[in-house]
Amino acid sequence: MRRNETSNEPRVVEPNRTERTPPPILDGGNSLGGALYFADDATGAERRALARAANRISRADQVSQRHEAKRARSSSRNERATAAYLPRNGETGDDALRSYRGLRVEPHRATSEVVAGAYPFLAESGLGSEGVLIGQDAWSGAGFVYDPWVLYRLGVLTNPNCLLAGVVGRGKSTLAKSIAVRSIAFGRRCYVPGDPKGEWSAVARSVGGQAIELGGTSARLNPLDEGPRPGSLICPDGTATALSDATWVDMVRQRRRDLLRSISEASLGRATAPVESTALFSALDDALRTNSVATLPHVVAAMFSPSGDVLGSSRAQLLDDGRDVAHALNRLVGGDLGGLFDGPSTVRFDPELPMVSLDLSRIAGSDAKIGLVMACASSWMEAALQDPSGGPRWVIYDEAWRVLKQPALLARMQSQWKLSRSLGLANLMVIHRLSDLDAVGERDSQSRNLALGLLADCSTKIVYAQESGEDAKTGAALGLSSTEVDQLSSLARGEGLWRVGERSFVVRHVCTPGELALFDTNQRMS
């Protein structure tokens, strides 16, 4: 037994029990876990001593981490202070080039030509990506896409009709063919009522269409054919209604009358008198009543030999009143145009084909003669064009300057232009220059106003390079701005100024090698 150093009381020591020091920290104090692994026989005091040691190590480690983070922040601040960075809000003082308060500028509206001086990074956004790819926008470098039906649906255009003007050799014919062929892939069909140079024949056959060659062949058209009957009619409010037999008879009768009056006036070079129209329509009724398939020879024969009296005219008066008209129509029967329209049709017009072209290249003669043939040929196609269920269709009048010289034919074209929206048609008129209108009657005449009306009904105007001195006339006729007129003189081959609604583009037409080979109009020259 041993006495306590601070007390006189004796201390009892249990047998087989030796006094020892607390065990060391197992992992050097790097974790709390290592300090708290106790021996199974450790006393409570030993356990508390180890816990206090672990807490001291943990607190020291936390203090060390805080000091290290403080040193890192201080080092980062010193590094930023010594680096050559601009302040977050920019330089201060006179070199800041900014005012203390925000600058407020009143809105200003100007043309792109003026605004480009202050902000040169302006480019036209284009017409979207839905439609036929034409080429490249020369101003923005982006692709240029055009489809009159899509743009009409979006409200960009007020009508789908187009005008294409350009001198020979600038690529306007290639553009017209490219638009027609590429549109077929979008479900459009294409009709060419008259091809005076025969350039569309190979194009029509290449897309699985038909090229009807007139003149020098056995092909013959009967302009008085009824044509395919449409399934319905479009009312003024846009709804479709069934076509009755009586309505169909009236439609065919009116179309035949309009055709005969047009070709009569074109042959006479003047408007028909009322009594002449009566004699003409009476002869048409006789031809329809006495023949299963009425033709122009039947009408001419009925005019030279009327069958009887009509209201307001006796048989003798009909013979006298219609004499000049009968001789004018006789040109299509036995004159220089004999064999083309003097019998039943020997070819069939299939409106389901992707492209149909009437090749008139074998018909030689004056512009009046070509225009007369185009009038008869276009009437032959009108029956299919009157069908509103035929889908979107292009009607391309190549070399339309020949037709513009025929006042009687202009009225027929204008009627088709006016009905283009309800029939789903997009008319494309191809001419050389706008001064061709000077040959259409006198100033302020009905013929001149009809021709100008066709231009007004074209929401899309495509102008290729014009001859010297024609730029101002073109701009005046189409209502172009001075900036647009200035662009005309700098247009290269294949470039055109596109006026789509109220927006303008300079477009480079791009063709594939296959298209260039098919559309080439210079084969004979090369």
What's the number of the only condition in (1) assigned to a loop (DSSP other than H, G, I, E, B); (2) closer than 17 Å to M374 by Cα; (3) touching a Ser or Thr at 6+ places or on another chain (Cβ under 7 Å) that R331 fails to meet? (1)
Determine whether the range 282-295 contains at least one residue that is of a type in the set (V, I, T) and either at pLDDT below 85 or closer than 24 Å to D350 by Cα (or both). yes
Could you tell me which of the residues G187, G227, G166, G231 is open to solvent by 30 Å² or more (accessible area, probe 1.4 Å) and under 24 Å from the mean Cα position of the chain (by Cα)? G187
Taking the range 105-150 and keeping only residues that are at pLDDT 80 or above, charged (D, E, K, R) and surrounded by 15 or more Cβ atoms within 10 Å (Cβ to Cβ), one is left with D137, D147
Take the range 506-526 and flag every residue that is over 17 Å from R170 (Cβ atoms) and not in a loop (DSSP other than H, G, I, E, B). P513, G514, A517, L518
With the structure loaded, tell me whether L340 is of a type in the set (A, V, I, L, M), crowded, with 17+ Cβ neighbours inside 10 Å and assigned to a loop (DSSP other than H, G, I, E, B) or whether it fails that test. yes
Restricting the range 174-184 to residues that are open to solvent by 10 Å² or more (accessible area, probe 1.4 Å) and in contact with a helix residue (DSSP H, G or I) (Cβ under 7 Å, 6 or more places away or on another chain), the one nearest to L353 (Cα to Cα) turns out to be V181
Need a quick list: helices (runs of 4 or more DSSP H) entirely within the range 258-326 having at least 2 residues that are open to solvent by 70 Å² or more (accessible area, probe 1.4 Å). 274-290, 315-321
Mind checking which pairs have a first residue in the range 163-182 that is under 17 Å from D471 (Cα atoms) and a second that is surrounded by 21 or more Cβ atoms within 10 Å (Cβ to Cβ) and among the basic types (K, R), Cβ under 8 Å, 6 or more apart or different chains? L163/K461; L164/K172; A165/K172; A165/K461; G166/K172
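The values are calculated or read from the model by the stated rules, or taken from the named source; none is laboratory data. These numbers were taken from a predicted model, which means no experiment stands behind them. Positions of Cβ are backbone-derived with ideal geometry, glycine not excepted, and every protein chain shown enters the neighbour counts. Accessible surface is based on the protein model in full, side chains and every heavy atom, while ligands, DNA and RNA are left aside. Shrake-Rupley method; radii C 1.70, N 1.55, O 1.52, S 1.80 Å.
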